Amino acid sequence: MFGRRKKKEAEQADSAPVDSTPVDQDVEGDAEPELDAPVGALDGGPFDITELAEDEEPANTRLDLGSVFLPMPDGAQLQVEMSPEGAPQNVHLVTQYGRITVSAYAAPKSPGQWREVASELAESLRADNAEVSIESGPWGREVAASTPNADLRFIGVDGPRWMVRCVVAGPAGAIVSDGPLVATARAVLLNTVIKRGNDPHPVRTPLPVVLPQVLVEQLQAAHAQQVAAQQQAAQEQAAAQGTAAQPQAQQQSGNGSEPPRRGESGSAMQQLGL
């Protein structure tokens, strides 16, 4: 069904657990290449769209995000992260175990970008006092980190002129290699399809995310409801403040022996600015 992988082999790959062997954090010399599987060596995805059969339409069985087609895990919900300019930046798959985020980036024709990115990620995380380890997973090296806010695992795969990165985030202990969250993330990657396109993109630039129209409409409706709720809350707050100020003004105007007088400048209440 999918390029290199036959149906029976695909079912075995999706159902069988994938081992991930911890390795030393500071791998040097001849041992380093063993961390990374050659491109195309793993029997499964992520797939370049050109690998699919001619009659295979990835959007029929996956979430179409323009540059990435993602399979939806059972029970998962979508969480869209917008940029300050209002464009979709990331789409997260939120599961009962944690969050999975798959992103695609432009890369050179020769593989090796993920190795550089993984090294930089590990260095940056350690600089932030996170506990970091490098493990060997089904696609090669994976970066696992424990931070005060969440535990993280970064999985990367080099493809033809693209690199895909999967970020797995969950509570403490959730990103262990044999846990359900990481197993779900790897199953998503196994059936992810990347559509790089022919447009030029600088290396490491995120490939554009395009939301399906039905999702755009849902986001617009949710945004409209949020704006309406904020406006209603502001009106209620203003009304409450006005109600609280009125008795105070009436008390001030009644302190004298004479009732409020009207003159050319209006009543005493009007002169108070009320």
### Query
If ARG165 passes every condition in (1) free of Cβ contacts under 8 Å to residues at least 60 places away in the same chain; (2) within 21 Å of SER67 (Cβ to Cβ); (3) under 17 Å from the mean Cα position of the chain (by Cα) but one, which one does it miss?
(1)
### Query
For the stretch 56-75, which residues satisfy the criterion of being closer than 22 Å to ALA183 by Cβ and surrounded by 13 or more Cβ atoms within 10 Å (Cβ to Cβ)?
THR61, ARG62, LEU63, VAL68, PHE69, LEU70, PRO71, MET72, PRO73
### Task
Give the residue, chosen from GLN79, GLN96, GLN89, that is surrounded by fewer than 19 Cβ atoms within 10 Å (Cβ to Cβ), closer than 28 Å to ASP64 by Cα and either of a type in the set (Phe, Trp, Tyr) or touching a His at 6+ places or on another chain (Cβ under 6 Å) (or both).
GLN79
### Query
Quick one: is ASP43 in a loop (DSSP other than H, G, I, E, B), in contact with a Lys or Arg (Cβ under 7 Å, 6 or more places away or on another chain), open to solvent by 20 Å² or more (accessible area, probe 1.4 Å) and at pLDDT below 90?
yes
### Where a residue in the stretch 42-60 is within 21 Å of ARG161 (Cβ to Cβ) and its partner, wherever it lies, is modelled with pLDDT of 90 or more and open to solvent by 50 Å² or more (accessible area, probe 1.4 Å), with Cβ under 7 Å and at least six apart
ASP48/PRO160; ILE49/LYS195; PRO58/ILE49
### Query
So which residues in the stretch 71-86 are touching a helix residue (DSSP H, G or I) at 6+ places or on another chain (Cβ under 9 Å) and in contact (Cβ under 8 Å) with a residue 12 or more places away in the chain, if there are any at all?
PRO71, MET72, PRO73, ALA76, LEU78, VAL80
### Failed item in (1) modelled with pLDDT of 95 or more; (2) within 24 Å of GLU217 (Cβ to Cβ), with GLY98 passing the rest
(2)
### Positions within the stretch 114-134 being open to solvent by less than 10 Å² (accessible area, probe 1.4 Å) and either under 26 Å from PRO71 (Cα atoms) or without any contact (Cβ under 8 Å) to a residue 12 or more places away in the chain (or both), in sequence order
TRP114, ALA118
### Task
Inspect all residues belonging to the stretch 176-187 and state whether any of them is touching a helix residue (DSSP H, G or I) at 6+ places or on another chain (Cβ under 7 Å), modelled with pLDDT of 75 or more, within 30 Å of SER83 (Cβ to Cβ) and open to solvent by less than 100 Å² (accessible area, probe 1.4 Å).
yes
### Matching option when the condition is touching a residue at least 12 places away in the same chain (Cβ under 8 Å), open to solvent by less than 20 Å² (accessible area, probe 1.4 Å) and more than 19 Å from the chain's Cα centre (by Cα), among GLY156, GLY137
GLY137
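Do we have any residue at all in the stretch 197-218 that's in contact with a Gly (Cβ under 7 Å, 6 or more places away or on another chain), part of a loop (DSSP other than H, G, I, E, B), over 20 Å from GLN96 (Cβ atoms) and open to solvent by less than 50 Å² (accessible area, probe 1.4 Å)?
Checked against the condition, which is being in contact with a Gly (Cβ under 7 Å, 6 or more places away or on another chain), part of a loop (DSSP other than H, G, I, E, B), over 20 Å from GLN96 (Cβ atoms) and open to solvent by less than 50 Å² (accessible area, probe 1.4 Å), the stretch 197-218 yields no hits at all.
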### Task
With the checklist (1) out of contact with any Ser or Thr (no Cβ under 8 Å at 6 or more places or on another chain); (2) at pLDDT 95 or above; (3) open to solvent by 20 Å² or more (accessible area, probe 1.4 Å) in hand, flag the one item SER110 doesn't pass.
(2)
### Task
From (1) at pLDDT 55 or above; (2) at positive phi; (3) open to solvent by 40 Å² or more (accessible area, probe 1.4 Å), pick out the condition that doesn't hold for GLY29.
(1)
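The values are calculated or read from the model by the stated rules, or taken from the named source; none is laboratory data. It should be emphasised that the depicted structure is a prediction, and the values quoted were computed from it without experimental measurement. A quick note on method: Cβ atoms are made from the backbone with ideal geometry, for glycine too, and the neighbour counts reach across all protein chains shown. Side chains are part of the model used for accessible areas, which takes the heavy atoms of the whole protein and leaves out ligands, DNA and RNA. Shrake-Rupley method; radii C 1.70, N 1.55, O 1.52, S 1.80 Å.
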